[in-house]
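In what follows, a structure is listed as structure tokens, so that the remarks can point back to it.
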């Protein structure tokens, strides 16, 4: 069985950053390109903001490692005692600075300096730091120039989520209109939607990180986050409507206008997401007419009518709650 490999943009960016960093360091005739390559690899992250944090952390680690390695070598020489002491000092310093995750990096850099055959150790340490700085700078430049558009990914997720949500609404409408129809796979569809919401919120986090240097970017990311949470809440509400529709055992004349109300809500929801006129006044009048119709309903004549009417009343209340939540929707598509 053939195994398929997918080469993503981050892999290509990392390879490009390493090659460019090594080229620059070699052009400056530095003897060791290891740190430039390593720092370039760890600097390439999913967002420029994460790359910036990662590069600052690694450069700090390299600087501390070169300073400690140079100082202890000049004081004690490259002796076993010096290697032991530099390890002890590195661990204590990193714990003091709350750099537990950088202990290995700082230790390796310090020991690398101590083990160097260079005659001028301070100059060698300086070159090591500059080499790491070049690796970070090159990687940051590559990540900035070839940053993925997480906003496009968010909009694609939102569009797909809206489609799945509308399909679920259509099935609930069918259940309201035809009491003999029950779509038992609606629970699975709802679970898929909720899972998609969780994945989408992760992408929104990446988009928000991208916009740390933008005045309006984080506000837009917050709006996207709110919309995805809206879909999660409304999906659970649709699932409740599905359970109520399953308790309708006989047809009632009020079912048709309630189903029509839910279909109108679907259109209103779509128009609000796109910043179009949602025509709330028409929906408001339809709700007023339904309220009046429920008040004039006759008493149920048998148990089937009682069960159906009870389910229909509760279902209608759920739709009104859905409508109230929809009225707070903000335009996020096609901004």
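Please treat every number below as a calculation from the coordinates, not as lab data. Treat the numbers as computed from the prediction; the structure is a model and nothing was measured. Neighbour counts run over all protein chains shown; Cβ positions are idealised from the backbone, glycine included.
Between the helical axis of 303-326 and the longest alpha-carbon principal axis of the chain there is an angle of about 40 degrees. Gain on full extension, evaluated as 0.36 nm per residue between residue 314 and residue 28 minus their Cα-Cα distance, stands at 95.4 nm. Taking only the alpha-carbon positions of the range 10-145 and ignoring solvent, what does the Debye formula give for the base-10 log of I(q)/I(0) at q = 0.10, 0.14 Å⁻¹? The Cα Debye sum returns log10 ratios of -0.32, -0.61. How big is the Kirkwood radius of the range 150-326, worked out from every pair of different alpha carbons and given in Å to one decimal? That comes to 17.5 Å for the range 150-326. Ranked for footprinting exposure by Cβ neighbours inside 10 Å, fewest first, 74, 248 give 74, 248. When the helices of the chain are scored as -39500 (n - 2.57) per DSSP H run of n ≥ 4 and the total is divided over every residue, the value at 222 nm lands at -26000 deg cm²/dmol. What do you get for the angle between helix 121-145 and the principal long axis of the chain? Use alpha-carbon atoms, 0 to 90 degrees, nearest ten. Taking Cα atoms only, the helix is inclined about 20 degrees. All C-alpha pair distances within the range 21-95, sorted into 10 Å bins from zero, spread as 17, 35, 34, 13, 1 percent across the bins. Computed on the Cα atoms alone, the convex hull of the chain gives a volume of 206 cubic angstrom per residue.
In terms of other Cβ atoms within 10 Å, 231, 23, 129, 207 run from fewest to most in the order 23, 129, 231, 207. Quick check: the angle from helix 150-177's long axis to the longest principal axis of the chain, C-alpha only, nearest 10 degrees? Result, in degrees: 20. Provide the FRET efficiency to the nearest 0.05 for the residue 192-residue 98 pair, computing r from the beta carbons and using R0 = 41 Å. Efficiency at R0 = 41 Å is approximately 0.50.
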